[in-house]
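Let me begin by presenting the structure, written as structure tokens, before commenting on it.
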Amino acid sequence: MSRNYVKNVSKIVGFLFVLQLLRIGIKSACFLVVDRTYYSDRIASLFAMILLSALILLIAKFRRIDLSIFPKHFGAGYIIFTIIAFALFVSTPILTKNDSTAEIVLLIYSAIVTPVFEELIFRGFVWNKLNTLFQKEWITYVMSTLLFAIWHFGYIDTIALRVETGLANAIIWKVITGLCFGIVLGALRFKTKNCYSTMLLHGVLNIFGR
């Protein structure tokens, strides 16, 4: 890898590092006014991800950065997949017999907010940025998948709250899960050329993997 590649990939890594710091910073600000519990931690994460997603979309709009969100042709396959994902989301509280407000909010966080946030970043911005560096898109696929796995180290703040012992092991499994998700979602992004499809799949995977 040439020096130019290393420089540009390093900038992407720096961007991801700053995003995680901002996410943690926003969460920490929330805990200045509310006590930190498992539930409030998730709510703070939801709030932080919404703010950062809005910021990413605003910057992309004003700087004319293509995030490849929607497909060029919204065909029958996308409509069917959207309906299936929506049906799974709506039916989950009924099937699990847990329709409390707290559980529904957590479902929104894991199945909608997190997928949109992470897919905008990785299968949107990062993917297109890497595509300008590498002539072969499979290299972009590999690099974005590895970066997505590494990204999950940044969730140590939430993981540490959930586990009392075995923090290192929990983080490793989080990264492995991120790698597996990245392989599947990256393959879909490679095929469809948009991140709307990966948002849907990511949301479905998170419904079953919460």
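The values are calculated or read from the model by the stated rules, or taken from the named source; none is laboratory data. Keep in mind it's a predicted model, so treat the numbers as computed, not measured. Glycine gets a Cβ as well: all are built from the backbone with ideal geometry, and neighbour counts include every protein chain shown. Please note that ligands, DNA and RNA were not included when accessible areas were found on the heavy atoms of the full protein model with its side chains. Shrake-Rupley method; radii C 1.70, N 1.55, O 1.52, S 1.80 Å.
Points worth noting:
- A simple spin-label model places the labels of Ile69 and Ile104 2.5 nm from each other, with each point 7 Å out along Cα-to-Cβ.
- Accessible area per residue in Å² at 1.4 Å probe, computed on region 19-139: 58
- Value of Rg/Rh across region 1-58 [Cα atoms, Kirkwood radius]: 1.17
- Per residue, region 157-210 exposes an accessible area of 53 Å² to a 1.4 Å probe, with every protein chain left in place.
- Kyte-Doolittle mean at least 0.0, axial Cα span of 18 Å or more - DSSP H helices of the chain: 3-30, 38-62, 76-95, 137-151, 167-192, 196-209
- Virtual paramagnetic centre 7 Å along Cα→Cβ of Lys193, amide N under 19 Å, in region 57-90: 65-79
- Region 90-137 - Kirkwood radius from inverse mean 1/r over Cα pairs (Å): 12.8
- Net charge, Asp41 excluded, C-beta distance under 13 Å - Lys, Arg +1, Asp, Glu -1: +3
- Dividing the mean sequence gap of close Cα pairs (under 8 Å, 6+ apart) by how many residues the chain holds gives a relative contact order of 29 percent.
- Fully extending the segment from Ile83 to Asn128 would add 13.5 nm, taking 0.36 nm per residue of separation and subtracting the current Cα-Cα distance.
- Net charge contributed by nearby residues that have their C-beta within less than 12 Å of Lys191 (K/R +1, D/E -1): +2
- Taking only Cα atoms of region 47-91, radius of gyration then Dmax in Å: 14.4, 39
- Size descriptor for the chain, Kirkwood hydrodynamic radius: 18.1 Å (Cα pairs only, one decimal).
- Estimated from helical segments only, the mean residue ellipticity of the chain at 222 nm is -24500 deg cm²/dmol, where each DSSP H run of four or more residues counts as -39500 (n - 2.57).
- For region 1-28, there are no residues whose amide N sits under 13 Å from a probe point set 7 Å from the Cα of Ile159 along the beta carbon direction.
- Net charge of neighbours whose Cβ lies under 14 Å from the Cβ of Asn131, counting Lys and Arg as +1 and Asp and Glu as -1: +3
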